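Taking it in order: structure first as structure tokens, then the write-up.
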Amino acid sequence: MESYTLKESKPILKVFVYIFLGIWAIINLFPIYFMFTFSLKSNEEIFGSNIIGLPKHWLWSNFTSAMKTGNMGLYFFNSLLVTTLAIGISLMAALMACYAITRIRWKLSGLANAFFMLGLTIPIQASIVPVYVILSKAHWLNKYSTLIVPYSAFALSMGILICTGFMSEIPMALDEAARIDGCGLFGTFFKIILPLMKPAFSTVGVYSYLQCWNEFMFANVFISDSFHRTLPVGIKALSGAYTTDWGPIGAALVIATFPTLIVYIFLSGKITSSFIAGAVKG
């Protein structure tokens, strides 16, 4: 097999590449730095001469105000609960749907897959009125399930699209061997197929997480009481109540944004490896 090697670049070129990458990293990290320092400043520093620099007085009390006065603790719990349950439901539903489409032989499997893929073409803004009417007639507003069910449904199509590529590459001989050993339909799914689908879990989970955690429109329209609000709606309410005190607003933004950064840091490697695994299988 012919091997390929890369020629060593000139030292000067390497220096310019590192300088460019360093500048690019600073540009991308600056919004995070600005948001964090913004959350620890007073209005005098935010709108005065210390807009970009570190806080002269580190006001950690802004986080206390956001958590207690602004109810960010409750809103964070609501977002975490809704997002976690929506991810679990959509992931399990996507895996089961993929199993039925790719592993079970029936005439309408292709039509069922096309029906699920139609969900990718429907924007969430176009469905807000019919979904609201259904929830209203079912007396299903102002509950945790008010957001969990629509979030799970809208994440299902993308989950099926991702999982189908992985599951279709699993040899059918494994299913046949499982049946010979006495596994039924559900036994084959949970004991054989599900463990082999672990590379797709993180990819589907992150896509669903970003869709659910940052969603604003459904949460703002379907939830009218403060007890079931999620973080995006809570930050909007906070900005309306504290228009002259921007420190707690910055603290609320940090509370809402940093979990996403933490999730990306811990799962970025798994997401990359899952894409590479899918490319190798294809």
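The values are calculated or read from the model by the stated rules, or taken from the named source; none is laboratory data. Fair warning: this is a prediction, and the values are worked out from it, not measured in the lab. Cβ atoms come from the backbone with ideal geometry, glycine included; neighbour counts cover every protein chain shown. For the accessible areas, the whole protein counts, side chains as well, though only heavy atoms, and no ligand, DNA or RNA atoms are used. Shrake-Rupley method; radii C 1.70, N 1.55, O 1.52, S 1.80 Å.
A few remarks follow.
- Check on Ser152, among the hydroxyl-bearing types (Ser, Thr, Tyr), open to solvent by less than 90 Å² (accessible area, probe 1.4 Å) and at pLDDT 90 or above: yes
- A search for C-beta distances below 9 Å between a residue of segment 207-231 that is charged (D, E, K, R) and any residue that is crowded, with 20+ Cβ neighbours inside 10 Å and not in a helix (DSSP H, G or I), counting only pairs 6+ apart in sequence or on different chains, returns Glu215/Thr230; Arg229/Ile223.
- Listed here are the helices (runs of 4 or more DSSP H) enclosed by segment 164-214 that have at least 1 residues being crowded, with 19+ Cβ neighbours inside 10 Å, within 22 Å of the chain's Cα centre (by Cα) and among the aromatic types (Phe, Trp, Tyr): 198-213.
- Taken as a whole, segment 94-108 holds no residue that is over 20 Å from Phe166 (Cα atoms), in contact (Cβ under 8 Å) with a residue 12 or more places away in the chain, open to solvent by 50 Å² or more (accessible area, probe 1.4 Å) and part of a helix (DSSP H, G or I).
- Any hit, segment 27-45, residues being of a type in the set (A, V, I, L, M, F, W, C), over 23 Å from the mean Cα position of the chain (by Cα) and more than 27 Å from Val206 (Cα to Cα): yes
- Search result, residues across segment 63-77 that are out of contact with any helix residue (DSSP H, G or I) (no Cβ under 6 Å at 6 or more places or on another chain), among the polar types (S, T, N, Q) and surrounded by 15 or more Cβ atoms within 10 Å (Cβ to Cβ): Asn71
- Segment 10-62, subset modelled with pLDDT under 80 and either small (Gly, Ala, Ser) or in a loop (DSSP other than H, G, I, E, B) (or both), residue most open to solvent (accessible area, probe 1.4 Å): Lys10
- Single residue of Ser157, Ser109, Ser90 found to be more than 27 Å from Pro259 (Cβ to Cβ) and in the same structural domain as Ser208 (by TED's automatic domain parsing): Ser109
- Candidates Ala237, Ala219, Ala153 - the one that is farther than 19 Å from Ile104 by Cβ and more than 21 Å from the chain's Cα centre (by Cα): Ala237
- Check on Ala126, surrounded by 11 or more Cβ atoms within 10 Å (Cβ to Cβ) and either in a helix (DSSP H, G or I) or in contact (Cβ under 8 Å) with a residue 12 or more places away in the chain (or both): no
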